[in-house]
Amino acid sequence: MIEERRERADAARNRRAILRATEDLLARHRPEQISMEQVAAAAGVGKGTVFHRFGSRMGLMVALMQERAYALEEAVASGPPPLGPGVPPEERLMAFLDAIVDVVGRNKGLLAALGHAATAAPRPEWKEHGEHRDEDGDHPVYRFWHGHTSALIAARRPDLDGELLAHILLGSLQSEPVLRLLERGETMRLAASLRVMASGMLAAPAPALA
């Protein structure tokens, strides 16, 4: 029993080390530039350990995005304000956009890379890691980000098309100019610009009726 607990503790420690190493590498490189060998060396584990735990590079990327996305989802649902409940929708929206920029800044291009890979061809890694795209092809991480963003816009301005505006805000994060901006470490600039866009949307005059 003691040996079994030690093995579980070792496995959990290795998993954390591998994910942390992957995120550190993603802070400097795009996903397609990172190899499993690089991750193993940075995590201080054998390459076989990485493959055994995650199966492939895509499986590793999926696991990392899951972990970071779930942490953000928990913070939104039950964390302290302004990210969590307890403040006006506009304040929560600004905090949420800041949090998304932080995740994307530490994992440059990851969401875009996952979306492209899954759209280009079905990958067994998605099912193996519990990832299921909906009928429109949306990745579950993006689906949550979009759903929360559009809900906050609607709560503040029900007269606006919150669903479309949320797509416009979040879609900018997957553009090549923004990825280059993140590669230069200009996350604060991106966060400030997203706030300006969101504030402008919420302050816009009511749309004229057709």
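Label separation (Arg106 vs Phe144): 1.4 nm, computed from points 7 Å beyond Cα along the C-beta direction. The slack in the chain from Asp161 to Ala42, taken as 0.36 nm per residue of separation less the alpha-carbon distance, amounts to 38.3 nm. In this structure Glu91 has an accessible area near 90 Å², from a 1.4 Å probe over the protein heavy atoms. Could you tell me the accessible area of Arg156 in Å² (1.4 Å probe, neighbours in place), rounded to the nearest ten? Taking all protein chains as shown, Arg156 has close to 100 Å². Cα centroid distance between the stretch 11-36 and the stretch 138-210, in Å? Answer, in whole Å: 28. Measuring r between the beta carbons of Ala151 and Arg8 and using R0 = 45 Å, the FRET efficiency lands at 0.75. Accessible surface of Met94, taken over heavy atoms with a 1.4 Å probe and every protein chain present, rounds to 10 Å². Overall shape: prolate for the stretch 141-210, with the ratio a/c of the largest to smallest alpha carbon gyration tensor axis at 1.5 or above and a/b above b/c. Taking all protein chains together, Arg195, Arg20 sort by accessible area into Arg20, Arg195, largest first [probe 1.4 Å]. The relative contact order of the stretch 1-77, computed from alpha carbon pairs under 8 Å that lie at least 6 residues apart in sequence, is 27 percent. Subtracting the Cα-Cα distance of Ser35 and Arg180 from 0.36 nm times their residue separation leaves 50.1 nm of extension gain. In the stretch 1-82, the portion of solvent-accessible area held by carbon and sulfur atoms comes to 52 percent [1.4 Å probe, whole percent, DNA, RNA and ligands not counted]. Remark: the Cα gyration tensor places the stretch 6-53 in the prolate category, a/c being 1.5 or greater and a/b exceeding b/c.
The values are calculated or read from the model by the stated rules, or taken from the named source; none is laboratory data. As the structure is a computational prediction, the values presented were derived from the model and not from experiment. Ideal geometry is used to build each Cβ from the backbone, glycine not excepted, and the neighbour counts take in all protein chains shown. We work out accessible area using only protein heavy atoms, side chains counted, and drop any ligands, DNA or RNA first. Shrake-Rupley method; radii C 1.70, N 1.55, O 1.52, S 1.80 Å.
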